[in-house]
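The values are calculated or read from the model by the stated rules, or taken from the named source; none is laboratory data. On a predicted model such as this, the values are computed, not experimentally measured, just so you know. Ideal geometry is used to build each Cβ from the backbone, glycine not excepted, and the neighbour counts take in all protein chains shown.
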Amino acid sequence: MALETLIKAIDLVGWADRLDARSRLPLLLRRLIHATIDRIQRIGFPAEEGIQVPGYDGFLIVENGNAFVPDGCSVWEMGVDRDIKGKADGDYEKRRNEPLDVDPATTSFVFVTPRRWNKKADWVEEKKKDGFWRDVRAYDADDLEQWMELAPSAHIWASALLGKHPKNVEDLDAFWENWSSATQPILSPKVLTSGRDDAISEVDRWLSSNATIFTLKSDTREEAISFLAATIKQKPSEERIIWLSRIILVNDLESFTQLSVSERKLILVPRFNAGNTIERAVQGGHSVLVPFGKGESSLQTAFELPRQHIFQLKEALVELGLPEERALSLARIARLSLMAFRRKLATHPELLEPEWSRPENAREIIPALLLGQWSDVKEGDRSAIEKLANLPYKDYIAKLVRWSNESDPPVRLVGGIWILNSKEDAWGLLSRYISYDDLQRFEELTLCILGEINPSLDMPINERWSAAIHGKALSFSDNLREGITDTLAIAGARSAVTNWGHSTSPQEYVDRVVYKLFTDAGGNWKIWSSLSPVLRLLAEASPNQFLDAADKAVSGSSPTLANIFEEPESPMFYGATYPGLLSALELLAWSPEHIARSALILAALDRLDPGGRLGNRPSNSLKDIFLIWLPQTSASLEQRLRVLDMLRKREGVVAWKLMSNLLPEPHAVSMGMPSPRYRDWVPDERPSVTWGEIWTATHEIVNRMHEDVGYDGKQWKSLIESIGHLRKEDAENVILHIEHIDQKFLGLQDQVAIWAALRSLVAKHKQFSKAQWALPSEVVDRLNQIYEWLTPVDLIARYAWLFSNHVELIGDFDRDWKSREAAITKERIEAVKVVLETGGISLLIEMMEKVENPYYFGVSAGQSEVAEQNEDALLSLLNSEHNFQKLFLTGFIVMREKMLGWDWIIKKTSTPVFRSCTPEQQAEFFICLSPKTQTWKFVETFGERVGERYWMTLRPNPFEIDDLRMAIQKLLENKRPHVALDIVTMHIDKIGSVISATSTMDALEMAIRTKPEYDGEWRVFDHIDELFEAIERTGEIDESRLAYLEFALIRVLTNRGGRGPKFLNKELSLNPAFFIEVLCLAYCAEGEDKRELSEDESARAISCYELLHGWNLIPGMENNGSINSVALNDWVQKVRELSAQHKRVKVSDLAIGQVFSHSPKESDGTWPAIPIRDLMESINSDEINRGFMMGVSNNRGVTSRGLLDGGTQERELADQYKQYADAIRTNWPRTAAVLDKLTGEYLSYARHEDVRAQLEEDSW
């Protein structure tokens, strides 16, 4: 290292006249002290603005000092004044008079000046005579020069501070300043360290060690060094200075060799290939960080910096002041390539251009640029590369492998997927090298790849989840399809700034490709479905061509896109493809230029939409685009209103629904909409919407709704519902409009809709009149008057609403639900009275069909005083086939029994009308009565047919305890075990007392042989464990009978967790012969030809397989959790003998290994238990070992994890099995080897999950 490049005393003297010398001199001293003193107990040297703090300029306590630092406690004063002695005397006298909290007798006084002071020795001698301080010292520029020679890092730092930049060395502070300030904004350390806690810990461990080598690898050497700097910069002030005062970046071998012989322990960072000199530096007591870029090191011991997570990076960038959207976009780039990210923000990006972008190399990257990403193993993708590169796949990939291992690589291979690190970065650097032939081949490939119809669309939608199993897959990977569409998107978006020298602009080229793509499809909706994942990028690539195609596809008498809304029946399988189209149109709506066409197409799709299970509908897309408080478009309010007016003319019904959805509503939320990847349609900072703008927009929409509402009741309903959320003037306009409705133009249905909406509004605001959001009472009263004015003359229309499931009754009930229910009951009874008195029984019967809940109507009729004279007429409805009349009659009979009791039942069943009913109709009557013993005995008096019908139609009820026994008995007699079991499960605690265990067993056994009366599984399955436990507790049932029942229900018991087949498990573990019997039913013999099984044989084989698969009770297991090794050995020996006789040794050993996986731990924490290990060692069966490993995997069950968690869970399991293996390796080596295999499997699973998580995040 050339010492003449470092500052000397004369430089310090010149520095003393600079303004920054006073504030930074303490910082120099702090670095010198940290660089030359090993054990500092306390230090305080305020610098920069800290020099204004009262007290000593410096305070220090060290255990052992050196030539420049006194032992023990010392206080320091310093100054840059020209009058050195005057300053020194002043400070000395001041501290002699006010020594503050130190003991002068044990404290040294030190004065420092960066100037030359010839009389300093005289001054020191004079002050020492004073005897006030333990010692007195004074240092000037020459002393500081000598001190810096002992502290190279501080010397380098000070040199840079004073404007002398050593050519071959650099301090870490200066490096960071240069590196971070090359961008705008200047990068913070957090940008490098966010999400890299493990890497920080590795660096910290190395820093804390003595004289070691740490190899840190990243995409470039500079990134590795910058991570070290960022890690140090984030440490607390004093700790940061400790490390900065020791770390030196070295650029050449000569300087590195010089520093290696320094007496002080340094931390050296070679920025060149230092070779063997690194070891010599370590031997000299120094630590060395070796930074490597891609391809520079093949050392397996190098710690590779992990890639960062997008959202953590985004937060770090937002803290720099970047808008959220831009920060997210930049974070995506930085995750894949920090250098691409820096080029994006660089103030002089030309200084950071990579090797691969140079003219002599650029053409090698063009195929990767155009394809973006692809599968390394999918044949279709490999053929695409071959065609575009005009080379055999292996030859082209050999070129990419080289570049992927260079510093600042353009591509990387992750989990078998080649990915371009940053399309935007590479496009800017390489697009000018794209040739005409490249474009021709790329166009042909794009039309071939994107024009392929997904074969799964030929399958029924509910079966498409299994398309891959049946070989119904696209020829090219999803990665490739997205990669080429992404290229179209960036080419279109960057057309104006892309200079590729062809006669056709990038946008014109993309427009042609997209036009051909949709034109060649010939109006086939399946192409839209096949393209669903990439439609958003296609829309961004060529907005006009995309909109032309979509517009055509929703037009005409048979629109192409009418079929795109199909959805699978089960929510388990996501097969809908239309959301991709909605997403593309939402994206286009960000542009003021495209919002009108996008909205019109969405409106047409809404008209075509048949509705479905998914919440993602065209109407929601329109709402999000035009949302008043958070518009998802850059179009102004005026532009949005003009588009809305266009929709009112072209798609009136949809426009009304949209305006209704835009009216204010409390607690509204929006999931947001996709932003373009490359187009600048979305402002970096979205302008906030003021309340004034919200009310202005609302006013405009309400006015338009006034113009369009007419006499449509449904439309009026949405306006009326909004009154409580509108400003006073808008609400007043709505109310005035209602008041002036001409009723003669209102149809009854429309009048009822308006009337009901007013009732709902008035009821809510009267009930919660004290709430802050409630309308003023005078407004509510006015609305109530309008409500009464609009009361229908038609009696059914006037009263039907009272018999709905949710009645909104006007009244001041607040939260008094009892008085509210009483008022509803009174109104209902009055309604029945008016209907009967006005229109008689015929009007009552007519009304039954019009009410929402006929049962409530029947209950009210049963409560009515005028019902008595109509009872027989109403009971004649027993022979009705209409469900609504049956429901009415049920409510009527229930209420009459409740009011009039058993005498009424006796009376009514004695009438000629009842006696003339068929047995089935009479049973219908009895079904409506309270289910109790008295009713059941009375039913028996009407004959066997009535009784049978009654018990065949009786529904489960929470019977009274005294009636349970008879109810279950009768239901079983009538072959209805499932209903009997439903009743039993309501009273499981009564099994063994009121309900016998025998009758419960009878019901279960009968249910196994009987088809359920309702669709789906038995409800009893949810209680099967409780039922078995309750039956077992009674002791009434033999274990063999319970075991038989368990076998019949084996799939339920094994698949639902819980107790499992307890008695079967026990029998398997005790009886080798039974185990072999089950094994023989589940598996054919070794060498035996497979034959087709009968239905019964197949069912039995499946049950036996399920039993063995779920078996978890180790033979010889004691109640205390230990294993009786003698019993276990005897069982295993007998089973293996029998399995050999039956030619099923392999499957037997597999089952043995599987049950071994349920082994408990030993008391010392080792696993598996010793008896299991001993058998695995002595038998040494591959099948037992394999069964053991399979059992371990199956025992784990289903896992859940965060989207980006990777293989953390699997690594933890691998560590656990490694510990188990290490603990038993010496005495049970074969068992340890099996555990080692488990460790390897879980590490493999972990790597797979890591790759999955990486690819998931890379695709964002």
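Contact annotation: residue pairs with Cβ atoms under 6 Å, 6 or more positions apart or on different chains, pairing a residue in the range 543-562 that is within 17 Å of Tyr509 (Cα to Cα) with a partner that is hydroxyl-bearing (Ser, Thr, Tyr) and surrounded by fewer than 18 Cβ atoms within 10 Å (Cβ to Cβ), are Gln545/Tyr515.
Candidates in the range 348-395 are the residues that are under 24 Å from Gly471 (Cβ atoms) and among the aromatic types (Phe, Trp, Tyr); of these, the one that is farthest from the chain's Cα centre (by Cα) is Tyr393. Step by step: first the residues of the range 937-962, then only those that are part of a helix (DSSP H, G or I) and hydroxyl-bearing (Ser, Thr, Tyr), then the one that is surrounded by the fewest Cβ atoms within 10 Å (Cβ to Cβ). Which residue is that? For the range 937-962, the residue satisfying everything is Thr953. Screening Asp252 on (1) touching a Lys or Arg at 6+ places or on another chain (Cβ under 8 Å); (2) among the charged types (D, E, K, R); (3) surrounded by 15 or more Cβ atoms within 10 Å (Cβ to Cβ); (4) more than 21 Å from Asp408 (Cα to Cα) shows it passes everything except condition (1). Of the numbered criteria (1) surrounded by fewer than 18 Cβ atoms within 10 Å (Cβ to Cβ); (2) assigned to a loop (DSSP other than H, G, I, E, B); (3) in contact (Cβ under 8 Å) with a residue 40 or more places away in the chain, the one Ser262 fails is (1). For Arg95, are the conditions met, namely being assigned by TED's automatic domain parsing to the domain that holds Leu32, in contact with a Pro (Cβ under 8 Å, 6 or more places away or on another chain) and not in a loop (DSSP other than H, G, I, E, B)? Criteria not met by Arg95. Per this entry, Glu846 is counted among residues that are surrounded by fewer than 21 Cβ atoms within 10 Å (Cβ to Cβ), outside the structural domain of Glu924 (by TED's automatic domain parsing), acidic (Asp, Glu) and farther than 20 Å from Glu920 by Cβ.
Taking residues in the range 902-915 that are not assigned by TED's automatic domain parsing to the domain that holds Asn879, and partners anywhere that are among the aliphatic types (A, V, I, L, M) and surrounded by fewer than 18 Cβ atoms within 10 Å (Cβ to Cβ), not one pair has Cβ atoms closer than 9 Å while being at least 6 places apart or on different chains. For the residues Phe914, Phe926, the requirement of being crowded, with 18+ Cβ neighbours inside 10 Å, at pLDDT below 90 and out of contact with any Cys (no Cβ under 7 Å at 6 or more places or on another chain) singles out Phe914. Applying a threshold of 6 Å to beta carbon distances and a minimum spacing of six or more residues, or different chains, the list of pairs starting in the range 105-124 at a residue that is outside the structural domain of Arg22 (by TED's automatic domain parsing) and ending at one that is modelled with pLDDT under 95 and among the aliphatic types (A, V, I, L, M) is empty.
Among the candidates Glu254, Glu296, single out the residue that is assigned to a helix (DSSP H, G or I) and on the phi < 0 side of the Ramachandran plot.
Just a single option satisfies the conditions, and that option is Glu254.
Looking only at the range 844-851, decide whether some residue is over 25 Å from Gln749 (Cβ atoms) and modelled with pLDDT of 90 or more.
Within the range 844-851, none of the residues are over 25 Å from Gln749 (Cβ atoms) and modelled with pLDDT of 90 or more.
For the range 1216-1257, which positions are among the hydroxyl-bearing types (Ser, Thr, Tyr) and without any contact (Cβ under 8 Å) to a residue 40 or more places away in the chain? Tyr1217, Thr1226, Thr1239, Tyr1242, Ser1244, Tyr1245 - these are the residues of the range 1216-1257 that are among the hydroxyl-bearing types (Ser, Thr, Tyr) and without any contact (Cβ under 8 Å) to a residue 40 or more places away in the chain. Here Thr1226 fulfils each of the conditions (1) buried (at least 18 other Cβ atoms within 10 Å of the Cβ); (2) β-branched (Val, Ile, Thr); (3) part of a loop (DSSP other than H, G, I, E, B) apart from (1). With respect to the conditions (1) at pLDDT 95 or above; (2) surrounded by fewer than 14 Cβ atoms within 10 Å (Cβ to Cβ), Glu881 lacks only one, and its number is (1).
Of the candidates Glu145, Glu222, Glu238, the single residue that is acidic (Asp, Glu), at pLDDT below 90, in a helix (DSSP H, G or I) and under 28 Å from Arg24 (Cβ atoms) is Glu238.
Scanning the range 137-161 for residues that are touching a residue at least 40 places away in the same chain (Cβ under 8 Å) and over 23 Å from Val69 (Cβ atoms) turns up nothing.
Per the conditions (1) of a type in the set (Val, Ile, Thr); (2) crowded, with 19+ Cβ neighbours inside 10 Å; (3) not in a helix (DSSP H, G or I), the sole criterion not satisfied by Val832 is (3). The strands (runs of 3 or more DSSP E) found wholly in the range 330-441 and carrying at least 2 residues that are hydrophobic (A, V, I, L, M, F, W, C), surrounded by fewer than 21 Cβ atoms within 10 Å (Cβ to Cβ) and in contact (Cβ under 8 Å) with a residue 24 or more places away in the chain occupy 411-414.
Which number in (1) in a strand (DSSP E or B); (2) over 16 Å from Ala16 (Cα atoms) marks the one condition that Asp122 misses? Against the list (1) in a strand (DSSP E or B); (2) over 16 Å from Ala16 (Cα atoms), Asp122 comes up short only on (1). Looking across the range 466-486, the residues that are assigned to a loop (DSSP other than H, G, I, E, B) and either free of Cβ contacts under 8 Å to residues at least 40 places away in the same chain or under 15 Å from Leu369 (Cβ atoms) (or both) come down to Ala467, Ala468, Ile469, His470, Gly471, Lys472, Ala473.
When you look at Ile484, is it at pLDDT 95 or above, of a type in the set (A, V, I, L, M), surrounded by 23 or more Cβ atoms within 10 Å (Cβ to Cβ) and within 25 Å of Arg358 (Cβ to Cβ), yes or no? Considered against the rule, which asks whether it is at pLDDT 95 or above, of a type in the set (A, V, I, L, M), surrounded by 23 or more Cβ atoms within 10 Å (Cβ to Cβ) and within 25 Å of Arg358 (Cβ to Cβ), Ile484 comes out as no. Among the residues in the range 612-629, are any over 29 Å from the mean Cα position of the chain (by Cα), small (Gly, Ala, Ser) and crowded, with 21+ Cβ neighbours inside 10 Å? Within the range 612-629, none of the residues are over 29 Å from the mean Cα position of the chain (by Cα), small (Gly, Ala, Ser) and crowded, with 21+ Cβ neighbours inside 10 Å.
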